[in-house]
Structure formats: structure tokens, C-alpha cells
Amino acid sequence: MPMKKLGCLIMCIFILLLYACGPSGTETSPSYTDIQWNEIENNITKHIDRNTDSSYYYLNKGMQLNSTHPLSQSQKFFLYHHLGQHYTNTYQVDSAKKYVLKGMEVAKNEKQKKEYYKFVLQLAYAYNLEENTDSAIQYYKKAIDYYRKKNDTLNLALSLSSEASALMEKGLNEEALERLYEAEEYLTKTDMYLNLGATYENIASIIFELGHDSLNTTYYQKAIKAYKKEKDPTHLAGTYGNLGLYYKNRQLYDSALYYYEKAGKIAHRLNDQLTLARNHLNTGNIFDLLEKPEMARQEYEYSLEICKRENIPYGQYLNHINLGELYLKTGNKAQSLFHLEKAVQFHEQYEFDQFENVLFQLHTVEKDRGNPAKSLDYLERYCYYRDSMINQTKHKELMELRTRYETQKKEAEILGLKQEKQADKVTKAYLIIALASLAIIAMIVIFWSYRKRARTKQRTLKLEKDNQRKRDQMEKLRLEKQLQQEKAERYQLDLELKEQELVYQTLKQAGITHIYKSIKEKLSPFAHRLARKKDQEEFTKTLQDITHDVDQEPLSDFEEMFIQMHGEFYEKLLAINKDLSRSELQLCALLRMNLPSKEIANLLNLSTSTIDQRRHSIRKKLCLENHQNLISFLISL
């Protein structure tokens, strides 16, 4: 090669080296008005937990300032953090996640791990608010791993407590208890008594659910001491209320009333109307259980009056339900109907929970008042609402699974792009080194270098083909596995929908049968009042034609369809204990469908106490331990 051409080649190579290794440009820090930002920052800090409207106003001003004078890194962290906090305080979860993810992106780009994991905790809390507990637990674990490595015991304790709350919502109480015990160990070495008290309360709640009653009050008393040290009467009143609920559940009503009274005194002193309303409601429940209807009515009406005055829709809704049920028990059907219809109005406006109970009570009231058409209408609405709630739950679970899958897919794509970018950087570096080497020893090994590059290219192409073939095979296996999983999920969903339809039809048939029986019982005596025997016979025949299905057993079709769907269920039960009677097998089938005792009692025309006795008898015959749940055991068969 002529020396002139070689010199040009060397010059080009060094120019490339200078371009590749030189600075990529400098960033200029945009200016902004310090006075404006300081005012905004101070007002955000002042109003974030007190006044949502004011906090939103100043947060919006911060965003406007950022659009005209881009903020610094620390200022963006502050702004995005408090935007996330504002939207979680107002339960606008999608908006909260939007700004938390922005903060995470800034922290990640700037390699600020400490700030990044603060946003990770915020994101986990947002997922917890929207009841996406799987995603919440995933992000809590990331934060826990980071703080554990950094030996940051304070943030580790807060992360463990937060993850425990998500685990409790998912029903993983034993795992949650482990996290809380570890958090307790760290928090007892600090002066964060508010967090320590909340941890003690969560431990007490889980211990109660696990059946360790002897330790339950111990942790509630620890929580009370922590809140007293913090001088926080609001949380102290809440703990007294929880103790009242605990003693109420244990049927120790005197103790429950004692702690409700203590909570009420603090709430009255603080003018905490919400706690007062809740206290009267809980006290009314206890008087109702003690069969003191007049005292219960007074407490419910006190609570209702406060809720009306303070405009607390959910409190009004619950009090109307309780008053409706109370008046139904005492035989005042008109007042019962009034309050239950008020509850319907609140549900139509706010879509509160427990609405299926309202519809069922209305069905009972109208049936007792002798209005079979309205009674049947409420029963059908009850069945429809209950089925729609089940379908919504299943749909939500499917959407959560789909969201999780899309999130994982997106993360995999981002990881792939990063790997490709890194590979490009490495390839570029190798190319620059190869070119520099070529410039130095071009005259000696130019031909050898050409051959070497050619062989390297061939090997690279072969390796890429092999890798592509492996990726195609892995993708094929992944798609096959996904199709199998979706097929299994569709099968499970079809089975659950059939079970829901079976329950609906059985309840509907039972309701119709009860109505027919009522009609027959009320009209039969009128046959003997007719003067002519022929009229009596025609009346009796007509009545039999109308109520031809009165003697039909509502469970016969249910049992036949249930055996088709779960053919081996009875056989498995009889294999455990062959002495199970047919009525006990039927009750097991109804429990397997997750029906509450009140509906089962209505189906079998029995009292709820009789159903409870039979459930106890079945537990004995199946040799179940105290901690084992009967329904969970039957579903697992």
C-alpha cells in the first residue's frame, strides 16, 4: 500500500478515536427563581397532610415552575415525592403512581439509590391501596433487601411493617407476623412510638386471627403505652376502640363497653365526631347482641345523627342497615322498611358494600308483610348482585394477572434494550482498538488482519444463528406453556361460573318454593269456608295447580348438578368418615360452594344455630383441628 494512502488511513483513524473518546457535550443548568421555589416548598410541607386543596395548589405551582425554569435534581425529588403523597392521600392511585415512577426514573438516571428506594416504598404503598398486593409485596421486598444491605435499621423497620400490612391483606398472617416481630425489634431501639404502636396493633390483630388470645391484650396494652409516650390521643382512642372490638368478638361485652367508653371520652374531648359516631355504632351492636333493643336503637340513632350532621355517608348507610335489622327483629316492619330503603338510596349514590345484606333483609320484610311479588323481586336482585360481585372479583383478579404479565414483559424488553446498548458500546470499543492497532502495524499485518476479521465475522454470524435458533426454541416453549396456563385458567373460570349459576338457581328455586308454601299455607283454610263441596274441590284443585312445585325439593337439582361437577366429593368425605349422613353431605356441598350460614339455613328451612351445630358435628367427624377452617378444608378436597 502507498505511504500516502496509509498516512490518510492513520489520520482518519485518529480522528475517529478523538471523536469517540472526546466529550459528548456539556449540560447547562437552567436557572430558576430561588424565592419562588422556597415559598412553594414551604407551603407544600405545611399543607400536605392537612389541607388537600392547598397542597394541590402549591404542587401545581411547582410543576408550572419546573416547566418554565427546570428544577434541580433534589427539587424534582421533593416535588415528585409530595405529588405521589398527595394523590395517595386522596386515593387517586393512578396519578400517584405516575409521579412516583417519574421520581424513580430521575433517581435511576442520576444514580441516586437512596432517593430511588424512597420512591420504591411509595410505589409499593400505591399498589397496596389499589389492592394489587402481589405487586406491593414485590416492591416492598426490593426496599427491604436494599435497606438490609445498607444496615439502615430505621427504614428497614418501616419497610417490614409496610410489607406485613400487604401480607395481612393477602391472608399470609404467619409471614406478616415474622416481619412485624423483626420490625418491633428495630423500632424498640428508636423513639418512633407512633410506628411502634401501629406495629403492636398489627401484631395483636394477627395473633387474634391465629387464635392466640392470651397474647392479644398484651400487645394492645403495649400499643397504648407507645401512643401515650407519643402523646397521641387520636391513635390511643383508636386502640381503645380495637380493644372493644376484640372483647366484643370474644363475647366479653362488659369489657368491650368499658373500652368503647374510654375511646368515646377521648373522642369527645378532641371533638372527633367520626370516632364518636363509630363508638355509638359499636355500642349499639353490643346492646343488640345483649338483646336490649331500646338501648341499641338509641345508640344507632345517636350515631346516625352525628353522621348526618358531619355529612358521613357511609356512617349513615351502616346505621340505616342496623336500624332496619333491629326494627325487623322487634316486629316494626314499617320502620324497618323505611331504614332499609334509605340504605338502598345511599348505595345507589355511593355504591357501598354489604348491599346484598340490605336486599336480603328487604326480601324478608316484604315476605313478612305478605308482598310475595316484591319479596321475590328483592330476592332476585340479591342473587344478581351477589353473582355480579363475584364476577367483578374474578375480573379484577384476571386484570391484575394481566397487568403483572405486561409489567414483567415490559421489564424484560427494557433489560433487552439495555443489554443491546451495552453490547453496542463494547463493540464500538473493540472496533476503535482494532483500528488503532491497524494504524500502528498496518504495513506489517494488514493482509493478516483482513483475513482475521473475515474469520471473526463468519464465527459471529454462525454464533448469532445458533443464538437465534435457541431463542426461537425458548420462545416456542414459553408460548406453549402460556397457552397451557391460559387453557387451565379458562377451565377454572368456567367451573366457577357454573358453580355461581348453580348457587343462583338453587337460591332462586328455594325462594320460589318458600313463597309457594306460604301461599298454600295461607289459602288452604279458605277451602273449608266455601258452602258447596264442588266449590271446595275446585278451589283445592286450583290451589294445587298454582303451587304444584311446593313439594319439590330445591336441593335435588342442586345435588345432581353438584355431583356432576365434583363427582368424587362425596366419596372423599365418606372415605374420611363413612358415618356422615346424607343431610351432612348436603351441608358439606353447600359449604363447599362458600355459601354463608344464613343462606344455607334459608335453603334447608332451618335456623342458623342448627346449621352451626351441624357444622360442629361435621368438624368432629372429619377430625379437624381448631385452627383448621372447615370451608377451606372442603374446597381443598
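The values are calculated or read from the model by the stated rules, or taken from the named source; none is laboratory data. What you are looking at is a predicted structure, and each value in this text was computed from that prediction instead of being measured. Heads up, the Cβs are rebuilt from the backbone with ideal geometry, glycines too, and the neighbour counts pull from every protein chain shown.
Structure notes:
- Filter pass, TYR247 being under 28 Å from LEU326 (Cβ atoms), at pLDDT 85 or above and not assigned by TED's automatic domain parsing to the domain that holds TYR302: no
- Beta carbons closer than 6 Å, at least 6 apart along the sequence or on distinct chains, pair a first residue in segment 295-314 that is under 21 Å from TYR327 (Cβ atoms) with a second that is among the acidic types (Asp, Glu) and not in a loop (DSSP other than H, G, I, E, B) for ALA296/ASP288.
Results for (1) more than 24 Å from the chain's Cα centre (by Cα); (2) modelled with pLDDT under 75; (3) exposed (fewer than 12 other Cβ atoms within 10 Å of the Cβ), shown as yes or no for each residue.
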| residue | (1), (2), (3) |
| --- | --- |
| PRO372 | yes, no, no |
| TYR385 | no, yes, no |
| THR393 | no, yes, yes |
| LEU401 | no, yes, no |
| LYS409 | no, yes, yes |
| LEU415 | yes, yes, yes |
| LYS418 | yes, yes, yes |
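Yes/no per residue for (1) among the polar types (S, T, N, Q); (2) exposed (fewer than 12 other Cβ atoms within 10 Å of the Cβ):
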| site | (1), (2) |
| --- | --- |
| ASP579 | no, yes |
| ARG582 | no, yes |
| LEU585 | no, no |
| CYS588 | no, no |
| SER597 | yes, no |
| LEU604 | no, no |
| HIS616 | no, yes |
| CYS623 | no, yes |
| ILE631 | no, no |
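- All of (1) surrounded by 13 or more Cβ atoms within 10 Å (Cβ to Cβ); (2) modelled with pLDDT under 80 hold for HIS81 with one exception: (2).
- Qualifying residue in segment 48-68 (condition: at pLDDT 80 or above, among the β-branched types (Val, Ile, Thr) and surrounded by 16 or more Cβ atoms within 10 Å (Cβ to Cβ)): no
- In the condition set (1) more than 28 Å from the chain's Cα centre (by Cα); (2) closer than 24 Å to CYS383 by Cα; (3) in contact (Cβ under 8 Å) with a residue 12 or more places away in the chain, ILE631 is compliant with all but (1).
- Entirely in segment 522-637, the helices (runs of 4 or more DSSP H) that have 3 or more residues that are modelled with pLDDT of 85 or more and over 30 Å from PHE208 (Cα atoms): 569-576, 582-592
- Residues being among the hydrophobic types (A, V, I, L, M, F, W, C), in a loop (DSSP other than H, G, I, E, B) and surrounded by fewer than 19 Cβ atoms within 10 Å (Cβ to Cβ) are represented in segment 176-193 by at least one member.
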